[in-house]
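Engineer: Pasting a structure here, questions to come.
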Amino acid sequence: MKAYLMHPERDFDAEQQFPPGVEALTQDLELNTLLNAMAGGDSLLFEVASKALLCGLRDPAAITYRQQILRDCLAHPAVVREIYDIAVQAILGEKRIWWGAASRYPSSILHRAVEAMNIFVAALKRLRGLADTHAADFRSDGFTRFIGMITAELSDDYFALVTDHLKRLKFRDGVLVSARLGEGNTGTGYVLRRARPTRRGLADLIPVGNRSAYTFTISDRDDAGARALAELSDQGINHVANALAQSADHVLSFFRLLRTELAFYIGALNAHERLAAKGEPTCFPVPLPQAEAAFSAAGLYDPCLALRVGTRVTGNDISADHKPLVMITGANQGGKSTFLRSVGLAQLMMQSGMFVAATALRASVCQGLFTHYKREEDATMTSGKLDEELARMSDITAHITGGSLLLCNESFASTNEREGSEIARQIVRALLGAGIRVFYVTHLYDLAQGFHTKPATPALFLRAERQPDGQRTFRLAVGEPLPTSHGKDVYQDVFGALAGATPPAPPRGDTGDDPR
């Protein structure tokens, strides 16, 4: 039996390797906040959510397949959670069965397999009951096929047959085995036979007439005889024990796979409930082929920020279709970095098959997602900040391919304006030439203005809004780069309340704002 709830034609691989750059991506997007919300303290949910988000899909049809299943989950969360609980309890029940030191003996193997199958049959009956009750409630191709498989393969006749076999394999009436004599009068060709009927007649109890079989009795204290008889019994049940153990392993693997695949949807339900409790909107995005080069959103926000703070967060609208470069500038503390995270998280969530944190989103899939964010000074003092930035960018370029998306946040701002702008300009042009889309947050005016005045490729320029009184709206609007980031506002917020402090007079020709 197969679940096929993560892929239309194959199982979900929970052991797959992460793509390059996931450590930086997880740190820069603060992804653990979202993963913890999905996991709710469950390590398995965290692991599966990590693999699903960071090893995303690249086929819009496969993304849509998961989206439809998640829609069913959101419509019937209690049923989905119960199916997940059935799988979990079946696995835990099998683990609790005592294995014992004599597990290599066929009798022990058979005993454990019978106990495990009894647990699994009870779980499968619960699963069949849910399928019968809620078959008409689910609409997605994935759940429709899953429920159809449960109904077809777990019929009443199947349960009756399995129950009868398990009852017989307990051998309450003893073990009936046939064998032939081999060389040296050793037994060979052991075959387990159907047990005699439980109810015996008077003729079976009175030893009269011609008997075709002989019996012997082992003394209670005859340990050697008991061992010999047990060995005869094990010879007879060996094949049956192995066959039933393999069947139990097969059913156990089904429950493990079902638990793993449903874990992604349980995690998505957990995150959705957290966001919905805050009144934050979510939507199912429209995934498009890579060639469409699309990214347009309404009300796009950072779900990790929303999960951390107690108030509603501000969303942004963006229309960057066919714009390989998006340059984001504007006021300090105006929401630029938060917006950049919202873009990266939306891309990851969409390509995992989840909802996204927006009111609407249509975006192309990307081959890979990479981040290059500014870092703190190297505490070991083994290299300078610029060396470290260049080393990380070199590592990214060694793995990034055409059709990927790169998010840069204050890259190469560790050196002066002129040098940082020139380094960044050459790198961005090379990336764009290789078919890589770039979202770039920067305070380097020379860099941003150069792409604005001499556009070598279609680009979108966004600027963080600032009210005349210095207040931030945390919204981004289309606008050309300005030669200031309004650093004086930040200075005033920090120092202005201290004895009426005012910022020092800027040198002649300076605006008084921090250009970086």
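The values are calculated or read from the model by the stated rules, or taken from the named source; none is laboratory data. What you see is a predicted model, and the numbers here were worked out from it, not measured in a lab. Cβ atoms come from the backbone with ideal geometry, glycine included; neighbour counts cover every protein chain shown. Accessible surface areas use protein heavy atoms only, side chains included; no ligands, DNA or RNA. Shrake-Rupley method; radii C 1.70, N 1.55, O 1.52, S 1.80 Å.
Engineer: Just order 243-255, 408-420 by mean Cβ neighbour count inside 10 Å, highest at the front, would you?
Structural biologist: Details: 243-255: 16.5, 408-420: 18.8.
Answer by packing, highest mean first, reads 408-420, 243-255.
Engineer: Here's something else I'd like to know. Compute the convex hull volume of the Cα atoms of the range 70-160, divide it by the residue count, and report the result per residue in Å³ as a whole number. Don't skip to the answer; put the middle values down first.
Structural biologist: Working: hull volume 9.6 nm³, N = 91.
Here the figure is 105 Å³ per residue.
Engineer: For the range 38-45, in order, what is each residue's ³J(HN,Hα) by Karplus, 6.51 cos²θ - 1.76 cosθ + 1.60 with θ = phi - 60°, in whole Hz (x at glycine and Pro)?
Structural biologist: So the Karplus estimates, Gly and Pro as x, are 6, 6, x, x, 9, 5, 5, 4 Hz.
Engineer: For Cα pairs less than 8 Å apart in space and 6+ apart in sequence, what is the mean separation divided by the residue count of the range 291-387, i.e. the relative contact order in percent? All intermediate terms of the calculation are to be shown ahead of the outcome.
Structural biologist: Numbers: 114 pairs, mean separation 34.3, N = 97.
RCO, the range 291-387: 35 percent.
Engineer: Continuing with the same structure: For the range 279-390, with equal point scatterers placed on the C-alpha atoms only and solvent neglected, what are the log10 I(q)/I(0) values from the Debye formula at q = 0.14, 0.23 1/Å, to two decimals?
Structural biologist: So the normalised log intensities are -0.65, -1.29.
Engineer: Right, another one. Quick check: Cα centre of the range 310-341 to Cα centre of the range 403-439, how many Å?
Structural biologist: Here the answer is 17 Å between Cα centres.
Engineer: So what's the gap between the Cα centers of the range 1-29 and the range 110-148, to the nearest angstrom?
Structural biologist: 25 Å
Engineer: Which of the peptides 47-60, 351-364, 16-29 is most tightly packed, and how do the rest follow, going by the mean number of other Cβ atoms within 10 Å of each residue? Each step should come with its number before you reach the end.
Structural biologist: Numbers: 47-60: 20.6, 351-364: 23.6, 16-29: 16.1.
Ranking the peptides 47-60, 351-364, 16-29 by packing returns 351-364, 47-60, 16-29.
Engineer: Using the Cα atoms of the range 238-305, I'd like the radius of gyration and the largest Cα-Cα distance, Dmax, both in angstrom.
Structural biologist: 21.3, 65
Engineer: List the relative contact order of the range 1-62 as a percent without decimals, with contacts defined as Cα pairs under 8 Å and 6+ residues apart. Present the calculation step by step, with values, prior to reporting the outcome.
Structural biologist: Details: 29 pairs, mean separation 20.0, N = 62.
Once divided by the residue count of the range 1-62, the mean separation gives 32 percent.
Engineer: Next question. Among Ala75, Met117, Ala3, whose Cα sits farthest toward the positive end of the charge dipole of the range 1-160 (+1 at Cβ of Lys/Arg, -1 at Cβ of Asp/Glu, about the Cα centre)?
Structural biologist: The Cα lying farthest towards the positive end belongs to Met117.
Engineer: Would you please give the FRET efficiency between Arg308 and Trp98, computed as 1/(1 + (r/R0)^6) with r the Cβ-Cβ distance and R0 = 35 Å, to the nearest 0.05?
Structural biologist: Calculated value: 0.15.
Engineer: Here's something else I'd like to know. For the range 36-170, with every protein chain kept in place, what is the accessible area per residue (1.4 Å probe, Å²)? Show your work: numbers first, answer last.
Structural biologist: On the way: 6420 Å² over 135 residues.
On a per-residue basis, the range 36-170 sits at 48 Å².
Engineer: May I ask you to derive the FRET efficiency for Glu417 and Ser319 from their Cβ-Cβ distance with R0 = 25 Å, giving the value to the nearest 0.05?
Structural biologist: Result of the calculation: an efficiency of 0.25.
Engineer: Right, here's the next one. Output the relative contact order of the range 1-109, whole-number percent, from Cα pairs under 8 angstrom with separation of 6+ residues.
Structural biologist: Working: 41 pairs, mean separation 23.9, N = 109.
The normalised contact order for the range 1-109 reaches 22 percent.
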